[in-house]
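These notes concern the structure reproduced below.
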Amino acid sequence: MKKSTTRITVVIILMIVAAVSYYAYLSNKSRASRAEATMTAVESTLSRKLDTNYPSTPKEVLKYYNEIQKCFYNEECTEEELEKLILKVRELYDEELLEQNSLAAQTVQLKAEIQDYKDKKRTITSISLPSSTNVVYDTVDGYEFAKIHCGYNVMEDGVNKPTTQVFLLRKDENRRWKIYGWKVLDTFEMTESGE
């Protein structure tokens with residue numbers, strides 16, 4: 001009788017230890033997910049490490065680019081966060097685009113644009129990218145290019161103002177798609193196919 005009582009006691013103790021361990025595991029997991037949930041949009045955008053986690057497709061590059069744009073124009077950023085966001089967006093730019101836009105000039109221009117957005121109480125309400133099948137690929141002078149349309153809805157004074165921008169991306173020597181340039185597409189410039 002003593003052996004069975006000892007076995008039952010050991011089993012009960014092991015069950016209690018397992019239950020307490022499982023509860024502690026779930027509690028720590030919940031605490032970690034709450035910490036992630038409290039990250040601001042700016043912090044979340046800045047947390048991406050492009051040297052190890054660079055977007056693999058033109059569409060993914062533009063998705064991340066647009067996350068940064070929303071931070072610029074929709075979020076309240078500290079001066080330090082703004083500087084870090086500018087550096088992040090520059091990591092997405094092609095070398096030729098970087099040569100044409102110095103960091104100092106881009107910073108001054110961007111700060112003026114952000115202030116203009118705030119003064120006019122504008123916000124980016126939505127951004128839409130086409131499916132990956134609507135990306136147009138081409139090779140010119142040995143370089144691979146991708147063209148993609150991106151739709152933006154900007155709210156100003158209660159009025160939604162849609163615009164479309166066409167982005168051109170070029171694959172660099174590391175096989176990464178980089179933003180080569182873009183332009184705002186007027187509605188009268190669009191053909192029936194959207195190009």
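Each reported figure results from applying straightforward, stated rules to the coordinates on display, with no laboratory input. What you see is a predicted model, and the numbers here were worked out from it, not measured in a lab. So basically every Cβ, Gly included, is an ideal-geometry build from the backbone, and we count neighbours across all protein chains shown.
Provide the FRET efficiency to the nearest 0.05 for the I16-T40 pair, computing r from the beta carbons and using R0 = 30 Å. Approximately 0.15, to the nearest 0.05.
On the beta carbon distance between D157 and S27, with R0 = 45 Å, the FRET formula returns roughly 0.40. With a threshold of 19 Å on the Cα-Cα distance, the over-threshold entries among K88/K121; K63/K88; K63/K121; K88/K111; K70/K118 are K88/K121; K63/K121. Working note: 222 nm ellipticity from helices only, DSSP H runs with n ≥ 4, each -39,500 (n - 2.57), summed and divided by the residues of the chain, gives -16000 deg cm²/dmol to the nearest 500.
Take the Cα of S47, step 7 Å toward its Cβ, do the same at Q100, and the gap between the two points is 3.5 nm.
Taking trypsin sites (Lys or Arg not before Pro) in DSSP loop conformation with at most 11 other Cβ atoms inside 10 Å as exposed sites, the chain has its longest uninterrupted site-free stretch at 50-119. Entry note, the chain: relative contact order of 17 percent, from Cα contacts under 8 Å with a spacing of 6+ residues. For K59, give me every one of the aspartates and glutamates with a C-alpha distance below 13 angstrom, ignoring sequence neighbours fewer than eight places off in its own chain. Counting by Cα, and skipping residues close in sequence, K59 has these aspartates and glutamates nearby: E67. Taking the square roots of five times each eigenvalue of the Cα gyration tensor of the chain, the equivalent ellipsoid has semi-axes of 48, 22, 18 Å, listed largest first.
Note on T78 and V184: their simple-model spin labels are 3.3 nm apart, each label 7 Å out from Cα toward Cβ.
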